[in-house]
1. Is there any pair with a first residue in region 207-230 that is over 18 Å from residue 183 (Cβ atoms) and a second that is open to solvent by 20 Å² or more (accessible area, probe 1.4 Å) and not aromatic (Phe, Trp, Tyr) whose Cβ atoms are under 6 Å apart and which are 6 or more apart or on different chains, and what are they?
2. State whether one or more residues within region 189-209 are surrounded by 19 or more Cβ atoms within 10 Å (Cβ to Cβ) and more than 27 Å from residue 249 (Cα to Cα).
3. Search region 131-153 for residues being free of Cβ contacts under 8 Å to residues at least 60 places away in the same chain, surrounded by fewer than 19 Cβ atoms within 10 Å (Cβ to Cβ) and part of a helix (DSSP H, G or I), and hand back the single one that is nearest to the chain's Cα centre (by Cα).
4. Just a yes or no: is a residue in region 77-85 within 13 Å of residue 31 (Cβ to Cβ) and either open to solvent by 10 Å² or more (accessible area, probe 1.4 Å) or in contact with a strand residue (DSSP E or B) (Cβ under 7 Å, 6 or more places away or on another chain) (or both)?
5. Hey, any hits in region 62-72 for a residue that's among the aromatic types (Phe, Trp, Tyr) and more than 20 Å from residue 126 (Cβ to Cβ)?
6. Given the conditions (1) out of contact with any Phe, Trp or Tyr (no Cβ under 9 Å at 6 or more places or on another chain); (2) surrounded by fewer than 20 Cβ atoms within 10 Å (Cβ to Cβ); (3) more than 29 Å from residue 145 (Cα to Cα), and given that residue 256 satisfies all but one, which numbered condition is not satisfied?
7. Which residue pairs have Cβ atoms closer than 8 Å, lie 6 or more positions apart in sequence or on different chains, and pair a first residue in region 325-341 that is among the acidic types (Asp, Glu) with a second residue that is open to solvent by 20 Å² or more (accessible area, probe 1.4 Å) and part of a strand (DSSP E or B)?
Amino acid sequence: MNKITLFTALVAAVLLCGCQSSKVRISGRFVGSDATMVYLEEASVLSQKLVDSVKLDQDGNYRLEVDEVGKTPSLYNLVYNGDRIPLLIAGGDRLTVNAVGAVVRNYTVEGSEESELLGSFYRSFVIGAQNLEHIARKFGRGNLSEEENRKLAEEYTREYYRVRREQLQFIITNKSSLAAVYALYQRLPGDRFLFNGDSDVVYFRTVAEAVGERYPSSPYLQSLLAEISRMDNRIKLTSEIKETKYPELEMTDMFGKKILLSSLQGKVVLLDFWSAELGNSNVLNAELKDLYKKYADAATPLEIYQVAIDTSKALWINAVQEQQLPWVSVSDLRGRLSPALGLYNVQKLPANFLIDKTGTIVARDLYGKTLDAKLEELTR
């Protein structure tokens, strides 16, 4: 994974604040690729700064040096063949980093406690993310049977939750390490939050307290405290916003646009919870399409805000496109962990809520002729 991580984009540039600094040496061997150069980057806000580079010798050996490194570990990237290996380096470290074949899946690091700990998390996380991408690509092939789609969805869900459990366990177990700070900011495909939106602040506070005791002068601590402050302010602001007569939702459509449920107020709104992974959506959505067509141009028009309780973006988007769903289709790709389920106390799928033009929930779990009759009443 060679993208700029959320961690490096969020933390402040590592200013060493006059701390005593010393030289760091990094050496090792990379084999299994035609690439010949190794680079060392210092990670800072929104960018990476190249601090050294070297050409591999004929046996794949290399050695890099960087001066003026502070005593408190800071983030660097070792770059080879387009892949970045994150390292947390402190002055005086003598690191050995080796890799055979696929770098980020197979590298080893010795000589830095924080870098070794970070490596144990990063390798596992990258492998999990790559596994999810591989499964998602299978969905994109198309022409899969319903049973094949179901098995792929189950495989994706199992791997997704495995990686998430390992990530949270790593953060809690190693809360006093800067590697835990790094892990806080990593996200799987489709994830916006670490765990559950505003409740993420609990994990940030846990790590900030522990890191504050161990690394009180670390600039990453200040970044954590700033992020916690932003979370607290967001929670406070949300609580002060005028209440609607139903729990507010803000979710993302397939194009990445965030859509508020309240933005549809004034219409009759059917809030519909479904899942492409369950494989029973065709019939249900076909009935909804007939009702949508019937009442979309009524005196009080109908709009549908359909929430997909899925974890596979590919499966969800394929279902929306194949079924040509004309309404608002959104998902947070958190599956059964979606906060929306808790807000509306949804225990099973499908489920729906009918909201009138004043913003009042007037019915729940209406289908077929019963839903049609209620819509005819409300859209007059």
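1. As it stands, the answer is 217/72, since those pairs meet every condition given.
2. Yes; the residues of region 189-209 include at least one that is surrounded by 19 or more Cβ atoms within 10 Å (Cβ to Cβ) and more than 27 Å from residue 249 (Cα to Cα).
3. Filtering region 131-153 for residues that are free of Cβ contacts under 8 Å to residues at least 60 places away in the same chain, surrounded by fewer than 19 Cβ atoms within 10 Å (Cβ to Cβ) and part of a helix (DSSP H, G or I), the one nearest to the chain's Cα centre (by Cα) comes out as 133.
4. Taking every residue of region 77-85 in turn, at least one turns out to be within 13 Å of residue 31 (Cβ to Cβ) and either open to solvent by 10 Å² or more (accessible area, probe 1.4 Å) or in contact with a strand residue (DSSP E or B) (Cβ under 7 Å, 6 or more places away or on another chain) (or both).
5. Step one: of region 62-72, the residues among the aromatic types (Phe, Trp, Tyr) are 62.
Narrowing the set further to residues that are more than 20 Å from residue 126 (Cβ to Cβ) leaves 62.
Looking through region 62-72, at least one residue is among the aromatic types (Phe, Trp, Tyr) and more than 20 Å from residue 126 (Cβ to Cβ).
6. (3)
7. 332/252
So that you can scan it fast, the table gives a plain yes or no per residue for (1) outside any strand (DSSP E or B); (2) open to solvent by less than 40 Å² (accessible area, probe 1.4 Å); (3) of a type in the set (S, T, N, Q):
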| position | (1), (2), (3) |
| --- | --- |
| 297 | yes, no, no |
| 305 | no, yes, no |
| 314 | yes, yes, no |
| 324 | yes, no, yes |
| 329 | no, yes, yes |
| 336 | yes, no, no |
| 354 | no, yes, no |
| 375 | yes, yes, no |
| 380 | yes, no, no |
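The values are calculated or read from the model by the stated rules, or taken from the named source; none is laboratory data. This is a predicted model, so every value here is computed, not measured. Glycine gets a Cβ as well: all are built from the backbone with ideal geometry, and neighbour counts include every protein chain shown. These accessible areas exclude ligands, DNA and RNA; they are computed on the full protein's heavy atoms, side chains included. Shrake-Rupley method; radii C 1.70, N 1.55, O 1.52, S 1.80 Å.
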